[in-house]
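Read through the structure below, which is laid out as structure tokens, and then see the notes.
Rule-based calculations on the coordinates, nothing more; no lab input. Everything quoted here is computed from the prediction, not taken from an experiment. Here the Cβ positions follow ideal geometry from the backbone for every residue, glycine too, while neighbour counts run over all protein chains shown.
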Amino acid sequence: MGHQTCIVQLPNSQLFCFSSYSSNSGCAYIFDLKIGDLQRTLPYTTPHTHSGGIYYNNAVYVFGGKINYSTQECCTVQNSI
């Protein structure tokens, strides 16, 4: 994971982690706190830093942040959680 990673709490003691600029740019992971397992989910097409996120209605919404060092007003939805 890169710097300024977005982390969102999910049900069942899991965390959704969206990586920023690094060798794994644009990847999202689910970390299971109970068993210590990290699984990669679907890749993102546009990695960004300094973003926020929320879990709502069975989806994770990643919003705001910076893409290529410019401020963005965007929202990315991860439905398959």
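Some points to look at:
- The gain in end-to-end length when the Gln39 to Gln9 segment is fully stretched comes to 9.3 nm, 0.36 nm per residue minus the alpha carbon separation.
- Between Lys66 and Phe31, the modelled labels are 2.3 nm apart [label points 7 Å from Cα along Cα→Cβ].
- The packing ranking, built from the mean of other Cβ atoms within 10 Å per residue, places the peptides 28-39, 49-60 in the order 49-60, 28-39, highest first.
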